[in-house]
Structures are given as C-alpha cells and as structure tokens.
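Asker: Before I ask anything, here is the structure I am working with.
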Amino acid sequence: MQLTDTQKHQLLRRARQAIVSRFDHSELEILQDLLFTEKRGVFVSLHAFGNLRGCIGYIKGYESIGDSVLEMARSAAFRDPRFPALTLNELGDIEIEISILSEMIPIDGAEEVVIGRDGLYLRHPRGSGLLLPQVPVECKWNISEFLQHICLKAGLPNGAWKDKGAALFRFTAEVFHEDKEFFD
C-alpha cells in the first residue's frame with residue numbers, strides 16, 4: 001500500500017479529530033476515499049516531547065482503515081494501560097503517528113529479519129507481543145536485541161521465540177506522522 005500525502009493527512013486529521021471530539025463532542029469528517037474501507041492492521045502512537053505517550057493497534061484488519069484509525073487514536077489517548085488518560089492540557093503537545101501494517105509473514109529465523117523494514121510479532125503459548133518496524137531503528141537495536149525485546153514485550157524470557165509452539169512473524173508498515181507542516 002502506498003498512500004499519497006493527501007491520504008496520510010486525511011488519516012492524521014481523523015486521528016486528531018477522534019481525540020479532540022472526546023473533549024468537545026465535535027462531529028468527525030466522513031472519509032470519502034475508498035482506500036480507507038480496506039481492512040488492514042493499524043497502530044496509532046502518540047508522542048509528547050519525544051516520548052511515547054500511548055500506542056495501541058490492531059495486528060490484523062478487523063475493521064476498515066478509517067474506523068481503525070478512529071478507534072486506535074482514542075484507545076492510545078485514553079485506554080493505553082501504561083499511561084494515564086490524555087488530558088485536554090496535553091492535547092497540543094502530542095504528535096500522532098500512524099502505522100498501517102502489511103500481512104504477517106511467518107519466519108523461521110533471525111536471518112529473515114531486516115532492521116528498518118520489518119516489525120515482529122511473536123505468538124507464544126504463554127504470551128504474545130508486537131514491535132513496529134520503527135522501534136528497533138529508534139532504539140538502535142541489532143537483530144539479536146530486536147529478538148530479545150520481542151520476547152520481553154511478550155512477557156517471556158530471551159530466546160522464547162525458538163520454543164516449541166511459538167510462531168514468529170515479520171511485517172512491514174507504512175508509517176507517517178504529524179509534523180510542523182501538518183499544522184500549517
């Protein structure tokens with residue numbers, strides 16, 4: 001999937017409107033683009049002053065992209081259990097980032113993972129975890145560290161991705177975020 005700049009701005013605006021409407025009860029714009037009816041995995045991340053402030057998403061396409069962005073923006077702002085609910089005073093400080101996921105591709109080993117291209121999803125009998133493709137780049141991890149952190153994210157010991165019954169997947173994502181020009 002390759003979104004145009006206009007489509008990216010429409011989705012970012014929808015995410016911000018979804019959050020703002022919880023405070024002012026405003027109406028949301030209706031998205032006209034047929035692309036937004038496609039079902040894809042979607043994550044919405046919120047950052048404030050360079051720090052994560054919320055991140056929630058769907059691994060698979062359960063709902064349309066447009067509906068998923070709305071729901072995940074509100075979830076990241078108000079229901080991420082790692083953070084208190086976003087307040088009206090914080091609204092101007094957050095930057096929204098959207099990740100639209102590809103299909104999950106099962107992999108057998110570390111040699112199939114490319115830092116900067118791939119995110120990882122670990123499904124294990126005792127837990128699961130997902131790390132978006134941008135995370136190892138931002139954290140400057142190598143592949144070994146990426147695999148260690150996917151286990152940690154799943155609440156599992158290092159190396160659990162190799163356990164019997166575990167399944168490791170890679171995926172790509174189209175990632176875009178608000179920037180200074182977005183507000184102009």
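The values are calculated or read from the model by the stated rules, or taken from the named source; none is laboratory data. Worth saying up front: this structure is predicted, and the values here are computed from it rather than measured. Note: ideal-geometry Cβ built from the backbone for every residue, glycine included; neighbour counts use all protein chains shown. Just the protein is used for accessible areas: all its heavy atoms, side chains included, with ligands, DNA and RNA removed. Shrake-Rupley method; radii C 1.70, N 1.55, O 1.52, S 1.80 Å.
Asker: Leaving out ligands and nucleic acids, and using a 1.4 Å probe, what accessible area per residue does region 62-124 come to in Å²?
Answerer: About 47 Å² of surface per residue is accessible.
Asker: Rank these residues by their accessible area, most exposed first, probe 1.4 Å: 90, 103.
Answerer: The most accessible residue leads, giving 103, 90.
Asker: Okay, next question. Out of the total accessible area of the chain (probe 1.4 Å, heavy atoms of protein only), what percent is carbon and sulfur?
Answerer: Exposed carbon and sulfur together represent 52 percent of the surface.
Asker: Size of the dipole of the chain about the Cα centre, Lys and Arg at +1 and Asp and Glu at -1 on the beta carbon, nothing else charged, in debye to 20?
Answerer: 780
Asker: Between residue 89 and residue 67, what length comes free when the chain is fully extended (0.36 nm per residue of separation minus the Cα-Cα distance, one decimal in nm)?
Answerer: Fully extending the segment from residue 89 to residue 67 adds 5.3 nm.
Asker: As I understand it, the value is the acute angle between the Cα axis of helix 65-78 and the longest principal axis of the Cα atoms of the chain; what does it come to in degrees, rounded to 10?
Answerer: Computed tilt is about 90 degrees.
Asker: Here is a further query. Take each of the peptides 132-138, 7-13, average the number of other beta-carbon atoms within 10 Å over its residues, and list them starting from the highest.
Answerer: Answer by packing, highest mean first, reads 7-13, 132-138.
Asker: Something else now. What distance in nm separates the simple spin-label points at residue 27 and residue 107, each placed 7 Å from Cα in the Cβ direction?
Answerer: Output for this residue pair reads 4.6 nm.
Asker: Would you calculate a helix-derived [θ] at 222 nm for the chain, using -39,500 (n - 2.57) for each DSSP H run of n ≥ 4 and dividing by the full residue count, to the nearest 500?
Answerer: Computed mean residue ellipticity for the chain: -9000 deg cm²/dmol.
Asker: Report the number of Lys pairs in the chain whose alpha-carbons are under 28 Å apart, with separation of 8 or more residues or on distinct chains.
Answerer: Lysine pairs, 8 or more places apart or on different chains, close enough: 15.
Asker: Assuming R0 = 22 Å, can you tell me the calculated FRET efficiency for the pair residue 34 and residue 179, based on Cβ-Cβ distance, to the nearest 0.05?
Answerer: For residue 34 and residue 179, the calculated efficiency is 0.25.
Asker: Hey, what do the phi angles of region 140-152 turn into as Karplus ³J(HN,Hα) couplings, whole Hz, using 6.51/-1.76/1.60 and θ = phi - 60°, x for Gly and Pro?
Answerer: Once rounded to whole Hz, the list reads 6, 8, 8, 5, 4, 5, 4, 5, 4, 6, 5, 5, 4.
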